[in-house]
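First the structure, in the form of structure tokens, and then the observations on it.
Every number here is computed from the coordinates shown, using simple stated rules; none is lab data. The shown structure was predicted, so the numbers you read here are calculated from the model rather than taken from an experiment. With ideal geometry, Cβ positions are generated from the backbone for all residues, glycine too; neighbour counts draw on all protein chains shown.
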Amino acid sequence: MKTITTHYIDGAFVESHGREVMDIINPTNRKPIARITLADEEDARRAIAAAKQAFVCFGQSAKQERLEILRNLHKAVSARVDDLTRIMVEEYGGVVQFAAPIVQAGADVFQAAEKALHELPLTRSWGKTTVTMEPVGVAGLISPWNADAFFLCMKLASAIAAGCTVVMKPSELSALQTSVWLECIYEAKLPKGVCNVVAGRGDVVGAELVRNPDVAKISFTGSAAVGRSIMRDGAATMKRVTLELGGKSPNILLDDADLEKAIPNAFIIGFMNNGQACVAGTRLLVPKSRFDEVKKTLLDTAPAFAAGDPADPKTAVGPMVTEKQYERVQSYIHKGIEEGAEVLVGGEGHPPGLESGYFVKPTVFVNVRNDMTIAQEEIFGPVLSVITYEDDEDAIRIANDTEYGLHAYVSGTDLQRARRVASQIRAGRVAINGLLDDQQAPFGGFKHSGVGREFGTFGIEAYLESRAILE
């Protein structure tokens, strides 16, 4: 069992001032695999001080220097993709078919940021006025447990491109993944103090980042409840914030959709990352006229999306990250049954033969009303709710009838019609006919799904302030 007692501060691995210890549990078999010493407020303050000192120089760095750092980061993380994937499978229970591409996407985000920075004008002039885009200062980057390396890379890439120094607080549940990722950061040889990483609890380290006046910006990915508290508490020191706070994404199957393609895509979109994905399309909206056909295709397709060993490349759904998350998902499945939804696939309890881990039965509910709990609240597990609609306008109304607005999906053969429907969905991204990505496109949400955007020039601009000099 690995023991981790250090944090990364001012370019070095230093012993934790905090003394609280936590075990990391393999969710596949419930066995402890690591022990981490958690950071406390003093660790966070030391990291903030290092970032503040480093910003004096790095905040004045040239674009070319930042481009070179991004290239070095891409090279260092790319060299460890296999290691990061293996650790994600072991520590988190992410299935190989998801873990491998998401880790690679994390490495690639440095290249995307390099391209975006190269194209982003940092100075504009007219007459005797000059406007420069200046880094906001020290940024506190708080990332979740459901795709550790990806979120660390994504947030760091934009901050570095903008010229900010950072203090990163990854989830304490991702200690092993973070330790490998930190080896990449060390290998990339960033200037001292530019990137500092302290792993601790949100109510300890995260809270210090939010209230500390030397932190100018917070970028947070996680729950809406925590996001609201960050916005409230950060206001005391005028924090700039980027908040990505989850979703309850609709996946609209238009009546001309090819079900042989659309239903497998619906499982992929709904059950990605074991259902523990903020962009998961967990509300499947289907036309009433094709409901029976949809039910049959769902039943025929479901066996290909069974739970199993996440290390097996054929497995589509692995375990929940913790026992607490397992119990959370079970409570929602029970609530769905209690409120009158019909279980088409799955249901309560462990899948047969998988009682040793935090596995839930991949579940599909039909006869779901959009006002039911399972259709309105983010479950964060492999639970798909099938909701019927009358026509396109009704589908759009149901899709938008949620407090969230992070992501949405539309499937149909008439692309002009699919685009027309997509253009009326109140969500930060809408994908047509599949699970699609573009690392130059903005990522973020409407409504309770957050504030601000990440990726590409949009993500870099979130770390910049404009300054005008007039003569």
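Points to keep in mind about this one:
- DSSP bridge pairs, region 163-301: antiparallel proportion in percent, nearest 5: 0
- Using θ = phi - 60° in the Karplus curve 6.51 cos²θ - 1.76 cosθ + 1.60, the 3J(HN,Hα) couplings for region 356-368 round to 7, x, 8, 8, 10, 6, x, 10, 10, 9, 10, 6, 8 Hz; x is entered for Gly and Pro.
- When restricted to Cα atoms, region 139-232 yields an Rg and a Dmax of 12.5, 37 Å, respectively.
- Value of [θ]222 nm, deg cm²/dmol, for the chain, DSSP H segments ≥ 4, -39500 (n - 2.57) each, nearest 500: -12000 deg cm²/dmol
- Cβ crowding within 10 Å ranks 129, 457 as 129, 457, fewest other Cβ atoms first.
- When the P(r) of region 321-437 is calculated, the portion above 17 Å amounts to 61% of the C-alpha pairs.
- Sequence-distant residues sharing a close amide H with residue 284 (under 5 Å, placed H): 251, 385, 386, 387
- Two-decimal Rg/Rh across the chain, once Rg and the Kirkwood Rh are taken from alpha-carbon atoms: 0.98
- Coarse-grained scattering of region 1-98 at q = 0.21, 0.23 Å⁻¹, given as base-10 log I(q)/I(0) from a Debye sum over alpha-carbon atoms: -1.12, -1.14
- Under 5 Å, built H, 5+ apart or other chain: amide partners of residue 242: 218, 219, 220
- Averaging the sequence gap over all C-alpha pairs within less than 8 Å and six or more residues apart, then dividing by the number of residues, gives region 250-432 a relative contact order of 27 percent.
- Shape category assigned to region 409-471 from the gyration tensor of Cα positions, a/c cut at 1.5: prolate
- Extension gain, residue 300 back to residue 132 (0.36 nm per residue minus Cα-Cα distance, nm): 54.7 nm
- Over the Cα atoms of region 14-167, the radius of gyration divided by the Kirkwood radius equals 1.05; this is the Rg/Rh ratio.
- Average Cα contact separation per residue, the chain, under 8 Å, 6 or more apart, as relative contact order %: 18
- Phi angles across region 291-298 convert, under the Karplus curve 6.51 cos²θ - 1.76 cosθ + 1.60 with θ = phi - 60°, into 3J(HN,Hα) values of 4, 4, 5, 5, 4, 4, 5, 4 Hz, Gly and Pro given as x.
- When DSSP beta bridges are restricted to pairs lying wholly in region 236-368, around 50% turn out antiparallel.
- Note, ³J(HN,Hα) from phi for region 36-52, Karplus 6.51, -1.76, 1.60, rounded to Hz, x at Gly and Pro: 10, 8, 7, 6, 10, 4, 5, 4, 5, 5, 5, 5, 5, 4, 5, 5, 4
- Of all DSSP bridge pairs formed entirely within region 124-237, close to 20 percent run antiparallel.
- For 134, 471, 393, 208, the sequence from fewest to most other C-beta atoms within 10 Å is 471, 393, 134, 208.
- Three-way shape label, region 252-329, alpha-carbon gyration tensor, a/c 1.5: prolate
- Amide H contacts of residue 306 (H built 1.01 Å from N, under 5 Å, at least 5 apart or other chain): 316
- Sorted by Cβ density within 10 Å, fewest first, the residues 168, 320, 1: 1, 320, 168
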